[in-house]
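Let me begin by presenting the structure, written as structure tokens, before commenting on it.
The values are calculated or read from the model by the stated rules, or taken from the named source; none is laboratory data. Treat the numbers as computed from the prediction; the structure is a model and nothing was measured. A quick note on method: Cβ atoms are made from the backbone with ideal geometry, for glycine too, and the neighbour counts reach across all protein chains shown. In case anyone asks, the SASA skips ligands and DNA or RNA and just uses the protein heavy atoms, side chains included. Shrake-Rupley method; radii C 1.70, N 1.55, O 1.52, S 1.80 Å.
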Amino acid sequence: MTATNRPSWAQRNKWGLILLLPALVLALAAASSRVQLFWWGADLHQPISGTQGRPLVLTDTFHAPEGYFKRSVEVTLQGVSPGQAPLTSLGKPVDTPSGSKWVSVALHIKADPKSPLSVCQVALRDGQGRQADYDPTLLGMGTLRSSPCVPEDHPGPSGMSAEEQAEAETEGPRPAEYDIDVPMLVADRFEAKHVLFWLNPPKYLKISVR
Amino acid sequence: MSRRTLRTKALTGVVALAVVGIGQLLTSHLPDELTELRPFEAAGHIDESVDVRTGSVRVQTVNGGTSLRSPIAAMRTSNLWVVIAYTFTPSQTTTGLFSIEMVAANGMRWSGTASRNQNLCTSSVPGLPIQCQAAIEVPADYIIGAHLELAPTADLTQYDAVAVIDLEITPDVVADWKANPEVTLQGSTLGAS
């Protein structure tokens, strides 16, 4: 055999080189499952964007001991305005912490009265990406209602079991649609650009404030 | 064996040795297991603001005494109660500061949540400070030169940011605290002080 007929390194390693690319892709894909498991589903990563005054629909599938269920909620942001301090159980306004202010988020909500919605979360996001969540424990338990988006006297069912559904019926069913004001505590200089609404991450509504 | 084959083999040997050498060099510079688990520490002093990933923390006062009066109970000790007042201001999200530990010069650690200790610090929104207090029971003989470690997440400071605050505890300070019959723990409040 002459030197010119000898197969080159690339020819000799042809199959290794061909398989190298899919092997790398497979290795990356296998490692990326951790992103899905530990990061993607744990936070807000799938926005459904809209603007104030226009209804947006959030649909998700949730797991309860009785199985998997689908629920859908239509949310319309009616406005974001300076708010009043919520009242204590004695009917007096709570003390507003120094350096903060109250903002009222007016929402119109439409959902099946049998859907559990009390797990919902509301947050404000400003132009710098800072996010102020509705947190009922900020000023101590009992100061703010536990859920920001259901009426306190008719919150609807907390789950899908027959007992939870019956309990909601006894309290009086949640209206099929209603207006609700969410009192949000934010720092003095916080200017809301978006209202966020979600049930289970990663999907969420991102509504621009006009 | 032809001269060309010999040269190729020699070159291969040199390249293999070089690769092994570079590998060893890289390995010697990579962090070992203990180092990579170490948090990102930011040193500070009392009344100095220190960034801890989710916000900034400022230790305002440190006081000690032989009994602790809190809104719910009074607790005596044969050691010392140290009460730390600090402010935490979240930067981006609604959160609190959930880990506080006192660390002696010899490495002994006392967590703000262990045993009878308390860390009264709830959450706040971005830009709004929260005034927090922690009470930690410590043996007086070990705390000279101790520092404080504050971190965003409870009990898991690996890879995370930790503020390391020099508490400036001297023998005179310990003597004063031993003579102080009571320190007070008031709880956390939202808002600037």
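Across the stretch A:129-138, computed HN-Hα scalar couplings (Karplus, 6.51 cos²θ - 1.76 cosθ + 1.60, θ = phi - 60°) run x, 6, 10, 9, 8, 6, 10, x, 9, 3 Hz from first to last residue, x flagging Gly and Pro. Scattering from the stretch B:103-162 was approximated by placing one identical point on each alpha carbon and applying the Debye formula without solvent; log10 I(q)/I(0) at 0.15, 0.25, 0.28 1/Å stands at -0.55, -1.21, -1.31. Stretching A:R12 away from A:A162 to a fully extended chain increases their span by 47.1 nm, per 0.36 nm per residue minus the current alpha-carbon distance. Beyond 26 Å, the tail of the calculated P(r) for the protein assembly as shown holds 67 percent of the Cα pairs. Across the stretch B:31-97, Cα-Cα distances exceeding 17 Å account for 61% of all pairs. Accessible surface calculations at 1.4 Å, restricted to protein heavy atoms, place the stretch B:19-86 at 63 Å² per residue. Counting only other chain Cβ atoms within 10 Å of each residue's Cβ, the peptide A:128-137 averages 5.
The angle between the Cα long axis of helix A:14-38 and the main principal axis of chain A comes to about 10°, on a 0 to 90 degree scale. Against the main long axis of the alpha-carbon atoms of chain A, helix A:162-171 sits at an angle near 30°. If you look at the Cα atoms of the stretch B:88-130, you get an Rg and a Dmax of 13.0, 37 Å. Highest mobility in the GNM of chain A, judged by mean-square fluctuation with C-alpha springs under 10 Å and restricted to A:S158, A:S81, A:S98, is found for A:S98.
Please report the carbon-and-sulfur percent of the accessible area for the stretch A:1-117; probe 1.4 Å, protein heavy atoms only, DNA, RNA and ligands left out. Carbon and sulfur together cover 62 percent of it. Less than 12 Å Cβ to Cβ from A:H108, Lys/Arg counted +1 and Asp/Glu -1: what total charge do the surrounding residues give? Summing Lys/Arg as +1 and Asp/Glu as -1 gives -2.
Averaging 1/r over every pair of different alpha carbons in the stretch A:150-207 and inverting the result gives a Kirkwood radius of 14.2 Å.
Each residue of the stretch A:33-119 gets 196 Å³ once the volume of the Cα convex hull is shared out per residue.
Residue-normalised convex hull volume from the C-alpha trace of the stretch A:58-192: 123 Å³ per residue. For the stretch B:2-62, the alpha carbon convex hull comes to 126 Å³ per residue, rounded to a whole number.
Ranking B:S123, B:I169, B:A42 by how far each Cα lies toward the positive end of the dipole of chain B (charges on Cβ) leaves B:A42 at the top. Summing Lys, Arg as +1 and Asp, Glu as -1, what charge do residues with Cβ under 14 Å from the Cβ of B:D47 carry, B:D47 excluded? That works out to -2. Could you state the angle between the C-alpha long axis of helix B:3-29 and the longest principal axis of the C-alpha atoms of chain B, as a value from 0 to 90 degrees rounded to the nearest 10? Taking Cα atoms only, the helix is inclined about 10 degrees.
Counts of other chain beta carbons within 10 angstrom of each beta carbon in peptide A:94-101 average 5. When the P(r) is computed for chain B, the part past 22 Å accounts for 54% of the Cα-Cα pairs. Working from label points 7 Å from Cα in the Cα-to-Cβ sense, the B:L26 to A:S89 distance is 6.4 nm.
Each 5 Å bin, from zero up to the one with the longest distance, holds this percent of the alpha carbon pairs of the stretch B:30-143: 2, 11, 18, 21, 19, 14, 10, 4, 1, 0, 0. Dipole size of the protein assembly as shown about its Cα centre, with +1 on Lys/Arg Cβ and -1 on Asp/Glu Cβ: approximately 2560 debye, rounded to the nearest 20. Over the C-alpha trace of the stretch A:37-78, radius of gyration and Dmax come out as 13.4, 36 angstrom. All C-alpha to C-alpha distances of the stretch B:128-181, sorted into 10 Å bins beginning at zero, yield P(r) values of 18, 43, 30, 10 percent in whole numbers.
Probing with 1.4 Å while keeping every protein chain in the model, the per residue accessible area of chain A equals 59 Å².
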